[in-house]
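See below for the structure under consideration.
No lab work stands behind these numbers, since they all come straight from the coordinates. All figures in this text were calculated on a predicted structure; none of them were measured in a lab. Cβ atoms come from the backbone with ideal geometry, glycine included; neighbour counts cover every protein chain shown.
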Amino acid sequence: MKILPKKRFSQNFLKNNEISKKIAALVSKKNILIEVGPGTGCLTKNLFEHKNLHLVEIDLDCVNLLKKKFPQLNEKIKNENFLSLNLKKTFGEKLSIIGNFPYNISNKIFSKIINDKDCIVELIGMFQKEVAERICNKKGKNRGYNSIMIQAFYDCEMCFDVEKENFFPTPKVTSTVIKLVRNNRKKLNCDNQILESLLKHAFKQKRKKLRNALKNFNFDRKFDSILDKRAEELSINDFELLAQNVNS
């Protein structure tokens, strides 16, 4: 049964088994493992040593192929949209997520990780290299809301690049595998709505200094040294401090 990649799902199937082995080797063995978008199963076949493996695939044609290839997983293959799933209710806690994610839903994947941070303890994912750098870099002009929030709750590591010829169809960009591991931070010590508003204003005009980008917020003069910087120069701790000290 031959599966052709579908444009509506932005599918680029990994075809290099050695790379699949390298990705599989990054996963912790102690958590419930969910492979998102397994496609034709190039990565799946290297994940069988994980006793509690589940597959979530939105493409019914791929689901039917996976059930034929891996009959032992039939009860653990879900034809669902990962972004819509209640992960804690469906799978439980202490989840590892692994996948070669479509480029066009990268931000939605990271938003999902942030929202489900209480049950997702690890993510190993392949993304467009530029997106991977944005998420993992501590400083830089390409950072944004998702990168700040991911770094608040996860330790981030860029693992290795995957050249475009390792996929079918061949994408136009290089991919990078990253690993996120949940840190010990339970919550942010500030009002989440204020923080979100600060981040959105700061990165909407990220080439401006914060005193201009955040001109609708009032701060004491003691924060001038932070406000003289641009959003890309701040850590989550800096933004947390600002959110704690917005004057009404």
- Message: What distance in nm separates the two pseudo spin-label positions at S84 and N115, each 7 Å out from Cα along the beta-carbon direction?
- Response: 1.2 nm
- lysines within cross-link reach of K204: Cα-Cα under 16 Å, excluding same-chain residues under 8 positions apart? K141, K215, K229
- Query: By DSSP, what percent of the beta bridges with both residues in the chain are antiparallel, rounded to the nearest 5?
  - Reply: 55 percent
- Note on the structure: For the S225, E93 Cβ pair and Förster radius 30 Å, calculated FRET efficiency rounded to 0.05 is 0.15
- Query: Once the other residues with Cβ under 12 Å from the Cβ of L241 are scored (Lys, Arg +1; Asp, Glu -1), what is the net sum?
  - Reply: -2
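Checking the table K21/K108; K179/K206; K21/K179; K108/K129 against a 23 Å threshold on Cα-Cα, which pairs fail?
Where the Cα-Cα span goes over 23 Å, the pairs concerned are K21/K108; K179/K206.
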- Message: Between helix 192-204 and the chain, what is the angle of the helix's C-alpha long axis to the longest principal axis, kept within 0 to 90° and rounded to the nearest 10?
- Response: 90 degrees
- Please work out how much length the chain gains when fully extended from N142 to E75, using 0.36 nm per residue of separation minus the C-alpha to C-alpha distance, in nm with one decimal. 20.0 nm
- Once both label points are put 7 Å beyond Cα along the C-beta direction, the N192-Q205 separation in nm becomes 2.8 nm
- Which residue fluctuates the most in the chain, going by a Gaussian network model with Cα springs under 10 Å, if the choices are R230, R185, R143? R185
- Message: Suppose the chain between Y103 and N212 were pulled fully straight at 0.36 nm per residue; how much longer would it get relative to their current alpha carbon spacing?
- Response: 36.0 nm
- Tell me, in nm to one decimal, what length is gained between N184 and F48 on full extension, where the rule is 0.36 nm per residue of separation less the Cα-Cα distance? 46.0 nm
